[in-house]
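Let me begin by presenting the structure, written as structure tokens, before commenting on it.
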Amino acid sequence: MLPFVERDLGSGIVRAIGDPHARMTEDKLRMLRAVRFTATFDFQLDLKTAESVKELASQLTTVSAERIGQEVRRMLVDPHRHRAMQLCVELELLPQVFPELKPIQSRPELWQSTLHKLRLLQTPSFSLAFAVLYDRLHECDKECRDSLAAVTAAGQRLRLSNQELDATLWLLKHRRSLRSAATQSLARLKRTLSEPGGEELLSLLRVQDLAEGHDPNDSLFCEEFLRVTPLAELNPPPLITGDDL
């Protein structure tokens, strides 16, 4: 191992080899990789490397959407996802990767709440983390009211799979479906929780409660309901199927 590389690893520093401007120019995806490595290993980003990223940030969109999407996936499923997103803000990469988030990022209370929710997630799927990232977009100004359309545009731009995007949209469409759980009909509650995304919807509810200061009674009620309700009762097999017919 090169001595200076070993020294940086020991000091917890992510630094481009040689001229950072030249390295980022050679492959602009390295700007996102610098963010991911810094966040994943809980390191610090070298100042000159950071300056080069900021200088070239607007050119990130020359990288293929598939490659950007791959980096985004890795960032959002990593435990340090909140730091990766904050680094994207500091290095002016967020508008290039997630332009739809500008209304959230421009309102400190919403952005800090979003980062807090990302921090609270425990081993989420990519779709759940992606949903949390866009969770408060509907609260922004009028042009952002159709937040599901914005998420769809983001997913298509990043070349997400249909399964990833559909799962994200389902979570956001049902983001309030477990509110007032104790007063819901049993059939409605079972239907929601037995959906493929039901447990992740409950995870979304938990982090909303913690980060936004809601009473946790709904999430606690749902957790207890799942604990005491057998799977066969929660999601019973159909009485008759197409094969029977």
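The values are calculated or read from the model by the stated rules, or taken from the named source; none is laboratory data. Predicted, not measured: the structure shown is a model, and the values here were computed from it. Don't worry about glycine lacking a Cβ; one is built from the backbone with ideal geometry, like all the others, and counts go over all protein chains shown. Side chains are part of the model used for accessible areas, which takes the heavy atoms of the whole protein and leaves out ligands, DNA and RNA. Shrake-Rupley method; radii C 1.70, N 1.55, O 1.52, S 1.80 Å.
Please list, short to long, the whole-number percent of alpha-carbon pairs of the chain in consecutive 10 angstrom bins beginning at zero.
P(r) over the chain, rounded to whole percents: 7, 27, 30, 19, 10, 5, 1, 0.
So if I place +1 on the C-beta of Lys and Arg and -1 on the C-beta of Asp and Glu, and nothing else carries charge, what would the dipole magnitude of the stretch 111-239 be about its Cα centre? I want it in debye, nearest 20.
200
Charges at C-beta only: +1 for Lys and Arg, -1 for Asp and Glu. How large is the resulting dipole of the chain about its Cα centre, in Debye rounded to 20?
Magnitude of the dipole: close to 300 debye.
Which of these, GLU224, GLU164, GLU90, has the largest mean-square fluctuation under a Gaussian network model of the chain (Cα springs below 10 Å)?
The residue that fluctuates most here is GLU224.
From zero up to wherever the largest Cα-Cα distance of the stretch 147-188 sits, split into 5 Å bins and tell me the percent of pairs in each.
5, 22, 23, 15, 11, 10, 9, 4
Which one, SER64, VAL89, LEU118, is farthest towards the positive end of the dipole of the stretch 24-139 when Lys and Arg carry +1 and Asp and Glu -1 on their Cβ?
LEU118
Against the 2.2 N^0.38 Å scaling, with N counting residues, where does the stretch 1-109 land? I'd like the Cα-based Rg ratio to two decimal places.
Working: Rg = 13.7 Å, N = 109, 2.2 N^0.38 = 13.1 Å.
After normalising by residue count via 2.2 N^0.38 Å, the value is 1.05.
Using a 1.4 Å probe, how large is the accessible area of SER58, given in Å² and rounded to the nearest 10?
It works out to around 80 Å².
Over the stretch 16-61, what per residue volume does the convex hull of the Cα atoms give, in whole Å³?
It is 63 Å³ per residue.
Hull surface divided by four, with the convex hull built on the Cα atoms of the stretch 48-175: how many nm²?
Working: hull surface 30.2 nm².
The Cα convex hull of the stretch 48-175, projected and averaged over all directions, gives 7.5 nm².
Looking at the chain as a GNM with Cα springs under 10 Å, which of VAL14, VAL228, VAL72 has the largest mean-square fluctuation?
For the chain, modelled as a Gaussian network with Cα springs under 10 Å, the answer is VAL228.
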